[in-house]
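*Asks:* Before anything else, here's the structure in question.
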Amino acid sequence: MANLSLLKRRTGDTAVTPAVTAMPAPEGAQLIGATRDELAAHCAAAGIPSHQIKMRVAQLWHWLYVRGASSFDEMTNIAAPARTALSGTLPIGSAEMVEEQISTDGTRKWLIRLPARGAGRPVEVETVYIPEENRGTLCVSSQVGCTLACTFCHTGTQRMVRNLTAGEIVEQVVFARRRLGDFAKPGEAEGDVAGPATGRMISNVVLMGMGEPLYNYDNVKAAMAIVSDGEGLSLSRRRITLSTSGVVPTIHRVGAEMNVLLAISLHAVRDETRDELVPLNKKYPIAQLMDACRNYPGLSNARRITFEYVMLKGINDSPAEARELVALIRGIPAKINLIPFNPWPGSPYECSDWDTIEEFADIVNRAGYASPVRTPRGQDIFAACGQLRSASQKVSAREQRAALAAE
Ligand code: SAH
Ligand code: SF4
């Protein structure tokens, strides 16, 4: 007769006793976004026997990031008692869709609600999917609001509310893949999903949504480690671009520790203009920013820096400035992304005329730099660059106390 305990172990049907000494999970903890070590700790806290933990972690990773499971019921190769125990410990994720908008050009924008942290209120962030012929790009937010208040940016008019956790950043990718049907279905090999070049609808991720990613560095780094993990979401680090408005002291770490592509929101070639457009320039002026770019680890022709340059009528769009731009970036493997200004209600600028943009692009192009003009995408649903803003507001300490007292 087969040894019953062995049989039970093989089928994974072992009884699970939640660990009596388990510490309560920290606020914001969830399975999506946890490292393998954290998942192992959650399994232990749920009472999963130690000899099973490695296997359970691998199974969870697969369900979360290869299959996109949104419920424990789907995780059919995890024994029912283990699933029950795990579901009692932590949620899979926390994002709730508030709204989905689909542009006439196929761009999709999701407004996603995330839970309150501390004494704050629930918050909302926007995530945008931009399909193109040979790729699909997901534009991910790193903060709710932004501290930096660039004068041409709609997000900048929203006060900083809070940083997103690593889990909340990863969850935007998981959420979008689920909505797009971009996860492998049961019985389907991973490469079978229809879509652009990589076989996936989402082939690229850009940290160009709401917020300044380098002011939430640790969470962004942890999130990108998961997004690029080869046993899960598997996005190559060469298909992940982090855009910064120029937080000079942290730029080197992006290359050395995260090894993703870098985009710099340059927008002006003279300090007096950039001071006005990107107030962070007063702290880290253009010369320092250029030094950081020249020293960016892994910089080569295959791994060029993208300089983003928003075209603002009469502000930064003269032929002389185009020539200064070329001189400024000389020696840096780069491409210049010219972004026609996307207006928002009350915005104090106008977009440059088309002829001006073309002339600017020609000068940069003749100097040997690719200078694509970024076609505005999803303008009809307010999803284009710089148009993102959610209604989440920072709550003052007084308002927080009042809300708590009312509860
Ligand atoms: N905070 C980071 C990441 C946001 S990326 C950064 O600033 O780089 C969003 C990109 O869109 C940035 O290059 C930003 O400068 C640009 N942008 C902001 N407002 C815009 C607008 N109204 N029109 C066009 N581009 C804009
Ligand atoms: Fe913040 Fe970037 Fe907008 Fe500037 S452009 S306010 S850094 S999100």
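The values are calculated or read from the model by the stated rules, or taken from the named source; none is laboratory data. Bear in mind the structure is a predicted one, so any value in this text is a computation, not a measurement. Ideal geometry is used to build each Cβ from the backbone, glycine not excepted, and the neighbour counts take in all protein chains shown.
*Asks:* What residue, of Ile130, Ile112, is more than 16 Å from ligand 2 (Cβ to nearest atom), at pLDDT 90 or above and within 19 Å of Ala223 (Cβ to Cβ)?
*Replies:* Residue meeting the stated conditions: Ile112.
*Asks:* Next up: Tell me yes or no: at least one residue of the range 169-176 is in the same structural domain as Pro279 (by TED's automatic domain parsing) and within 17 Å of Phe382 (Cα to Cα). Please lay out each step first, then the result.
*Replies:* Within the range 169-176, the first condition is being in the same structural domain as Pro279 (by TED's automatic domain parsing), and the residues that meet it are 169-176.
Now narrow it down to the ones that are within 17 Å of Phe382 (Cα to Cα): none.
No: the range 169-176 contains no residue that is in the same structural domain as Pro279 (by TED's automatic domain parsing) and within 17 Å of Phe382 (Cα to Cα).
*Asks:* Now, a different point. Could you check how many residues of the range 116-160 are surrounded by fewer than 24 Cβ atoms within 10 Å (Cβ to Cβ), within 18 Å of the chain's Cα centre (by Cα), closer than 21 Å to Gln101 by Cβ and polar (S, T, N, Q)?
*Replies:* So the count comes out to 1.
*Asks:* Ok, one more. Condition check: more than 24 Å from Leu312 (Cβ to Cβ) and more than 23 Å from the chain's Cα centre (by Cα). Does Asp275 satisfy that?
*Replies:* Judged against the criteria, Asp275 is not a match.
*Asks:* Looking for something buried (at least 21 other Cβ atoms within 10 Å of the Cβ), outside any strand (DSSP E or B) and near ligand 1 (Cβ under 9 Å from one of its atoms) - is there at least one such residue anywhere in the range 328-349?
*Replies:* yes
*Asks:* Further question on the same structure: Go through the range 293-314 and give me each residue that's within 16 Å of ligand 2 (Cβ to nearest atom) and either surrounded by 21 or more Cβ atoms within 10 Å (Cβ to Cβ) or of a type in the set (D, E, K, R) (or both). Please lay out each step first, then the result.
*Replies:* Of all residues in the range 293-314, those within 16 Å of ligand 2 (Cβ to nearest atom) come to 306-312.
Answer for the range 293-314, where residues must be within 16 Å of ligand 2 (Cβ to nearest atom) and either surrounded by 21 or more Cβ atoms within 10 Å (Cβ to Cβ) or of a type in the set (D, E, K, R) (or both): Phe307, Glu308, Tyr309, Val310, Met311, Leu312.
*Asks:* Only residues that are loosely packed, with under 14 Cβ neighbours inside 10 Å and more than 23 Å from the chain's Cα centre (by Cα): list them for the range 85-99, please.
*Replies:* Answer for the range 85-99, where residues must be loosely packed, with under 14 Cβ neighbours inside 10 Å and more than 23 Å from the chain's Cα centre (by Cα): just Gly88.
*Asks:* Another question, then. Within the range 255-272, which residues are more than 15 Å from ligand 2 (Cβ to nearest atom) and buried (at least 16 other Cβ atoms within 10 Å of the Cβ)?
*Replies:* Once the filter is applied, which keeps residues that are more than 15 Å from ligand 2 (Cβ to nearest atom) and buried (at least 16 other Cβ atoms within 10 Å of the Cβ), the range 255-272 yields Gly255, Met258, Val260, Leu261, Val269.
*Asks:* Out of Asp192, Asp182, I need the residue that is at pLDDT below 75 and either over 30 Å from Val310 (Cα atoms) or within 16 Å of ligand 2 (Cβ to nearest atom) (or both). Which one?
*Replies:* Asp192
*Asks:* Condition first: in a loop (DSSP other than H, G, I, E, B) and either within 12 Å of ligand 1 (Cβ to nearest atom) or crowded, with 20+ Cβ neighbours inside 10 Å (or both). Now tell me which residues in the range 350-364 satisfy that.
*Replies:* Applying the first criterion (in a loop (DSSP other than H, G, I, E, B)) to the range 350-364 yields 350, 352-353.
Result: Glu350, Ser352.
*Asks:* Taking interchain pairs and intrachain pairs at least six residues apart, which have beta carbon atoms under 8 angstrom, with the first residue in the range 155-175 and outside any helix (DSSP H, G or I) and of a type in the set (A, V, I, L, M) and the second surrounded by fewer than 24 Cβ atoms within 10 Å (Cβ to Cβ) and at pLDDT 95 or above?
*Replies:* Taking only residues 6 or more apart or on different chains, the pairs are Leu164/Asn216; Leu164/Asn219.
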